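Student: The following block contains the structure, expressed as structure tokens.
All of the numbers you see were taken from the coordinates with simple rules; none came from a lab. Keep in mind that what you see is a predicted model, and the values were worked out from it rather than measured. Glycine also receives a Cβ, built like all others from the backbone with ideal geometry; neighbour counts cover every protein chain displayed.
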Amino acid sequence: MTPDDPKIPGEPVNALILEVFRLNGRLLAVGDRLVAKLGLTSARWQVLAAIAVSPAPEPVARIARNMGLRRQGVQRIINELAEGGIVAFKENPHHQRANLVVLTKKGRIAYEAARQIEIPWMRSLSEDIDPRSILAARRLVATLRERLEKMEQASEKP
């Protein structure tokens, strides 16, 4: 029997989850190296990208929820980005205390610089991999994430 043995219920998904954990570790380490010269870390880069690709300014709690992270951790990173002049807080017309987070000019420049580093790296990483395989893997990971979210919501109900 192997960890990938489909005869053992749950083992294939367990092996996938362990591989995703390993992948996440490698992505964070490589990401740190890629954007270090921009004064960013992988964590800051992730939050910066979440803000940059959002169709509208969002409060910290919604940014964290969209990323699947805890608000406190994202708040700490956003505060660091604000101290560096990369993001700013803007009054939220829908909520007095939950300011909206927006990129500053410096933040847009940092995001674009990170994208210029990221694009050739992604091309190299995905070289010789069938794009259909990548899309299938993304769908599988998204399905597992969605199931986990539903399980979490169900467990929070009284």
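Student: Okay, which of the stretch 29-52 sit inside 18 Å, backbone N to the point 7 Å along the Cα-Cβ direction of ARG108?
Tutor: 48-52
Student: Sticking with this one: Using Cα springs under 10 Å in a Gaussian network model of the chain, which residue among THR41, THR104, THR143 shows the largest mean-square fluctuation?
Tutor: Top of the fluctuation ranking is THR143.
Student: Still on this model: Computed from the coordinates I sent, Rg/Rh (Cα atoms, Kirkwood Rh) equals one of (1) 1.09; (2) 1.02; (3) 0.93. Tell me the label.
Tutor: (2)
Student: Right, something else. What is the sum of charges, Lys and Arg at +1 and Asp and Glu at -1, for the other residues whose Cβ falls under 13 Å from the Cβ of LEU27?
Tutor: Here the count lands on 0.
Student: Moving on to the next point. Only Lys, Arg, Asp and Glu count, each charged at its Cβ (+1, +1, -1, -1), so figure out the dipole size of the stretch 32-127 about its Cα centre, rounded to 20 debye.
Tutor: Dipole about the Cα centre, nearest 20: 160 debye.
Student: Within the stretch 27-71, which trypsin sites (Lys or Arg not before Pro) sit in a loop by DSSP and count at most 12 neighbouring Cβ atoms inside 10 Å?
Tutor: In loop regions of the stretch 27-71 (DSSP not H, G, I, E or B), the sparsely surrounded trypsin sites (Lys or Arg not before Pro) are ARG70.
Student: Separate question: Please compute the net charge surrounding GLY73, taking Lys and Arg as +1 and Asp and Glu as -1 over other residues with Cβ under 13 Å from its Cβ.
Tutor: +4
Student: Mind ordering 124-131, 81-88 by average Cβ neighbours within 10 Å, highest first?
Tutor: The densest-packed peptide leads the list: 81-88, 124-131.
Student: Put +1 on the Cβ of every Lys and Arg and -1 on every Asp and Glu Cβ in the chain; which of LEU38, ILE109, ALA64 then has its Cα farthest towards the positive end of the dipole?
Tutor: Checking the options against the dipole of the chain, the answer is ILE109.
Student: Which one, GLN96, GLN75, GLN116, has the greatest fluctuation when you compute a Gaussian network model over the chain with C-alpha springs under 10 angstrom?
Tutor: GLN96
Student: Continuing with this model, one more query. So, in the chain, how many Lys pairs have Cα atoms under 23 Å apart, if the pair is 8 or more places apart or on different chains?
Tutor: The result is 4.
Student: Using helices alone, what [θ] at 222 nm do you get for the chain, with -39,500 (n - 2.57) per DSSP H run of 4 or more residues, divided over all residues and rounded to the nearest 500?
Tutor: Value at 222 nm, helices only: -22500 deg cm²/dmol.
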